[in-house]
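Written below as structure tokens is the structure these notes are about.
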């Protein structure tokens, strides 16, 4: 199983994403490479059976923007 982490408290070397409320039931979530944070994330691999173990697979610049609207 793969997970992308944007959480500098628990995953040092990563950055936070920005969450902006754009309407009563709408948000934009983004990690922008041009921001001072740099959109750095850590790719984490974890086991899917047996004992749960995680492995850091490296740090990557992962810019994105997602808009969410609740119907």
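The values are calculated or read from the model by the stated rules, or taken from the named source; none is laboratory data. Because the structure is a prediction, the values reported are computed rather than measured. Note that we place each Cβ from the backbone using ideal geometry, even for glycine, and neighbour counts take in every protein chain shown.
Structure summary
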{"item": "Selection count where residues are within 26 Å of residue 15 (Cβ to Cβ) and in contact (Cβ under 8 Å) with a residue 24 or more places away in the chain, scope the range 43-53", "result": "4"}
{"item": "Residue in the range 15-22 that is surrounded by 14 or more Cβ atoms within 10 Å (Cβ to Cβ), within 30 Å of residue 71 (Cβ to Cβ), at pLDDT below 95 and in contact with a strand residue (DSSP E or B) (Cβ under 6 Å, 6 or more places away or on another chain) present", "result": "yes"}
{"item": "Members of the range 3-14 that are under 22 Å from residue 68 (Cβ atoms) and in contact with a strand residue (DSSP E or B) (Cβ under 6 Å, 6 or more places away or on another chain)", "result": "3, 4, 5, 6, 14"}
{"item": "Within the range 34-60, considering residues that are in contact with a strand residue (DSSP E or B) (Cβ under 6 Å, 6 or more places away or on another chain) and farther than 16 Å from residue 7 by Cβ, the one surrounded by the fewest Cβ atoms within 10 Å (Cβ to Cβ)", "result": "55"}
{"item": "Subset of the range 23-33 [more than 20 Å from residue 9 (Cα to Cα) and either without any contact (Cβ under 8 Å) to a residue 12 or more places away in the chain or surrounded by 12 or more Cβ atoms within 10 Å (Cβ to Cβ) (or both)]", "result": "24, 26, 27, 28"}
